[in-house]
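**Q** Quick one: structure below, then a few questions.
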Amino acid sequence: MNNTISRIDLHVHTFHSRTAGNWILDQLQMYECYTEPMDVYKIATSRGMDFVTITDHDVISGALEIAHMPNFFISEEVSAFFPHDKAKVHILVFNINEAQHDDIQRLRFNIYDLIPYLNQQNIVHALAHPFFEMGPRLTIDHIEQMLLMFKIFEVKNGGKNIYPEDLFEQICTHLTPEKIWKLADRHNRNPIGEEPWKKSFIGGSDDHGGIMISSPHTVTDKAHTVDEILAHITAGKSRTEGGGGSPLSVAHGALAVGYKYSKTKKKSFDLFKNQLAWLLLDNVFEETKTHGLYSLGLAYTKDKIKRTFSLTTKKGSKAVQKEIARYVKKDKILLEFLMGRAPFDHDTGIRFFNMANDIVNHHLITILNDAQKHNSPMRLLKNCAILKNILPLTVPYLVGFKTETADRKLMRECAEQFLPKSLQIPHKVAIFSDSSPGQLLERDEMNDLLHDELAQGYRTVYFTVADNNSQKGDFFGYKSLIVLKNSPHYGLPPAMRIAYDFFQEACDIIFIDTLGPMGILGMLIGKLLQIPIISTYHETEVNALAKSGGETSKFFKKFISVFYSQVDEVRLLDMPSTMEYEILAKSKTDVRILGNTILIDAPEFQIYPETEIY
């Protein structure tokens with residue numbers, strides 16, 4: 001034990017959090033969390049936390065269950081609202097009693113009533129995950145008011161990504177007396193504290209799955225009592241340790257909750273029909289349980305005897321199980337993790353994602369190989385039904401990418417509002433192309449098509465094909481999983497890996513350079529994450545597909561029309577040909593012609609002036 005510091009996870013949940021008003025979870029009768037209060041206490045202390053608290057959503061029943069434990073105090077995560085627009089924020093309130101909880105629940109529907117009460121009662125409180133939107137969109141106006149109303153901010157949250165990771169901390173450290181009083185005048189509101197430009201910072205795991213407790217957490221000067229550690233935090237003698245949230249942490253938390261929900265339904269619906277699978281998942285998602293080699297071997301033998309080693313679709317599920325076995329043979333740390341001998345931390349989370357990525361890739365290769373063997377795009381669509389076996393390994397990550405991208409617009413706006421230009425988030429255009437980096441650099445038309453963005457200082461980040469997976473500067477190259485039989489210059493890209501790299505780069509706009517698999521993937525990522533998509537007309541690819549004949553030609557003609565209908569803008573350097581005109585008119589997308597002033601007599605087109613910026 002360190003005698004100079006104290007540690008605490010100031011944001012963690014138990015099954016008492018229920019659903020927090022989530023309609024989908026309500027319909028499934030599924031909780032947000034299944035962790036027992038005593039398990040939170042045991043896990044936190046086993047991971048080096050000197051103090052423990054529970055912050056369930058608007059309830060303290062879970063905390064009351066273990067209120068007798070040493071160095072424990074009652075807290076909750078309060079859902080509070082701005083009365084004029086119903087924008088919701090979460091406030092962590094610490095070391096409260098039952099009477100104060102009742103008052104808080106009565107006042108929380110108006111944040112302007114709640115905050116004075118907390119201050120009058122000397123209740124230590126902090127704003128949780130400041131950028132996270134939960135209903136009506138948060139704006140800079142809300143952020144400015146919260147900088148006036150709060151002294152303590154959760155600047156690192158294990159379930160919410162901030163980009164860059166220290167963004168809110170940077171915003172707070174760049175506050176000055178002049179800036180604070182200017183905000184006070186603007187909002188006609190007195191700021192909190194004797195020196196309201198000085199803020200305190202905390203971190204919490206925001207764990208719902210029971211797997212990431214204490215990652216991250218808060219570190220203070222040495223404290224011997226609850227009052228003392230909270231006093232340190234109020235005085236600014238605190239900092240955060242551990243990594244913040246990411247799409248992977250969101251996905252793994254969702255997997256943990258989904259697994260524990262499945263366990264509650266096991267008697268009526270056994271998802272796996274496989275005891276070994278349940279024991280392995282116990283090792284992964286149940287921190288207080290570990291099944292060793294004897295238990296696992298016995299379960300495997302019983303499953304083999306019963307001949308029930310299958311999911312709903314036997315062939316597909318056996319392929320998944322074989323891939324897991326193959327993968328853990330080459331990754332000893334992952335094997336230790338599955339055996340319950342390693343915690344679910346950042347490193348094992350990355351390894352778990354890599355394994356899921358490889359399993360998904362294996363299935364995609366199998367499906368595409370079969371389609372190429374029979375030379376039928378329609379067979380490709382039919383075989384996609386096999387993908388249901390890997391949905392549990394893909395959907396949580398897609399949800400993670402989507403939810404963790406949603407708040408970045410507000411983050412960028414706040415950085416531009418509060419930080420000097422040198423610390424602001426750079427604007428980026430992601431270029432998806434089936435060409436090699438060398439081929440891309442030889443072409444000049446892309447600079448013309450992206451002239452406006454480049455003139456504003458946007459950086460270009462390239463996602464391209466390559467002989468090997470590599471990154472060099474702003475070029476990300478990916479080796480194709482399989483080369484397309486009839487189009488050897490095209491291949492199937494590793495989609496989940498590219499989505500992860502794209503998220504890490506935080507690009508604002510996507511430009512589709514080619515109409516091959518990389519271009520299609522770029523369009524899908526843009527639609528998933530709601531990022532603007534720009535494309536040009538891909539004359540070479542469209543002409544080749546139009547001449548292919550038969551079933552393939554019909555399939556791709558429909559595909560081309562759908563593709564262009566999904567992009568936000570098509571940019572051309574010259575007046576479109578008759579074929580271009582017909583295809584783009586059917587797609588009903590916005591078309592912009594650069595370098596010329598041309599009027600096209602078609603109501604579907606919206607032509608922008610030459611000088612208009614996207």
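The values are calculated or read from the model by the stated rules, or taken from the named source; none is laboratory data. Values in this document were obtained by computation on a predicted structure and should not be read as measured data. For neighbour counting, all protein chains shown are included, and Cβ atoms are generated from backbone atoms with ideal geometry for every residue, glycine included.
**Q** Where residues in the stretch 424-439 are touching a strand residue (DSSP E or B) at 6+ places or on another chain (Cβ under 6 Å) and outside any loop (DSSP other than H, G, I, E, B), which of them is farthest from Glu178 (Cα to Cα)?
**A** Pro437
**Q** Sort out which residues of the stretch 557-607 are modelled with pLDDT under 50 and hydroxyl-bearing (Ser, Thr, Tyr), and write them in order of number.
**A** Hit for the stretch 557-607 is Thr597, nothing else.
**Q** Let me ask something additional. Taking the stretch 348-374 on its own, how many of its residues are in contact (Cβ under 8 Å) with a residue 40 or more places away in the chain and either in contact with a helix residue (DSSP H, G or I) (Cβ under 8 Å, 6 or more places away or on another chain) or among the polar types (S, T, N, Q) (or both)?
**A** 15
**Q** Can you tell me which residues in the stretch 407-423 are exposed (fewer than 15 other Cβ atoms within 10 Å of the Cβ) and not in a helix (DSSP H, G or I)?
**A** Selection gives Pro420 alone.
**Q** Please find, among Leu138, Leu92, Leu118, the residue that is surrounded by 17 or more Cβ atoms within 10 Å (Cβ to Cβ) and free of Cβ contacts under 8 Å to residues at least 40 places away in the same chain.
**A** Leu118
**Q** Sticking with this one: Do we have any residue at all in the stretch 525-535 that's of a type outside the set (S, T, N, Q), outside any helix (DSSP H, G or I) and free of Cβ contacts under 8 Å to residues at least 60 places away in the same chain?
**A** Scanning the stretch 525-535, I find at least one residue that is of a type outside the set (S, T, N, Q), outside any helix (DSSP H, G or I) and free of Cβ contacts under 8 Å to residues at least 60 places away in the same chain, so the answer is yes.
**Q** So, in the stretch 88-133, of the ones that are touching an Asp or Glu at 6+ places or on another chain (Cβ under 7 Å) and part of a helix (DSSP H, G or I), which residue ends up nearest to Phe153 (Cα to Cα)?
**A** Tyr117
**Q** Further, regarding this structure: Can you pull out the residues in the stretch 4-18 that are modelled with pLDDT under 95 and of a type in the set (Gly, Ala, Ser)?
**A** Within the stretch 4-18, just Ser17 meets the criteria.
**Q** Taking the condition assigned by TED's automatic domain parsing to the domain that holds Val219, in contact with a His (Cβ under 7 Å, 6 or more places away or on another chain) and at pLDDT 95 or above, does His57 pass?
**A** It is false that His57 is assigned by TED's automatic domain parsing to the domain that holds Val219, in contact with a His (Cβ under 7 Å, 6 or more places away or on another chain) and at pLDDT 95 or above.
**Q** Any idea how many residues of the stretch 50-73 are crowded, with 23+ Cβ neighbours inside 10 Å and either outside any strand (DSSP E or B) or without any contact (Cβ under 8 Å) to a residue 60 or more places away in the chain (or both)?
**A** Here the count works out to 8.
**Q** Looking at Glu539, Glu610, which is the one that is more than 29 Å from His363 (Cβ to Cβ), at pLDDT 75 or above and not assigned by TED's automatic domain parsing to the domain that holds Ile350?
**A** Glu539
**Q** It is to be established whether one or more residues within the stretch 232-244 are under 16 Å from Lys151 (Cβ atoms), surrounded by fewer than 23 Cβ atoms within 10 Å (Cβ to Cβ), among the aliphatic types (A, V, I, L, M) and modelled with pLDDT of 95 or more.
**A** yes
**Q** Could you grab the pairs with beta carbons closer than 9 Å, sequence gap of 6+ or different chains, first residue in the stretch 568-596 and touching a residue at least 60 places away in the same chain (Cβ under 8 Å) and within 17 Å of Asp448 (Cβ to Cβ), second one of a type in the set (S, T, N, Q) and surrounded by 16 or more Cβ atoms within 10 Å (Cβ to Cβ)?
**A** From the stretch 568-596, the pairs are Arg571/Ser535; Arg571/Thr536; Leu573/Thr536.
**Q** Suppose the filter is at pLDDT 80 or above and not acidic (Asp, Glu); does Gln424 pass it?
**A** yes
**Q** Looking at Ile180, is it surrounded by 15 or more Cβ atoms within 10 Å (Cβ to Cβ) and either in contact (Cβ under 8 Å) with a residue 12 or more places away in the chain or in contact with a strand residue (DSSP E or B) (Cβ under 7 Å, 6 or more places away or on another chain) (or both)?
**A** When the stated conditions are applied, Ile180 passes them.
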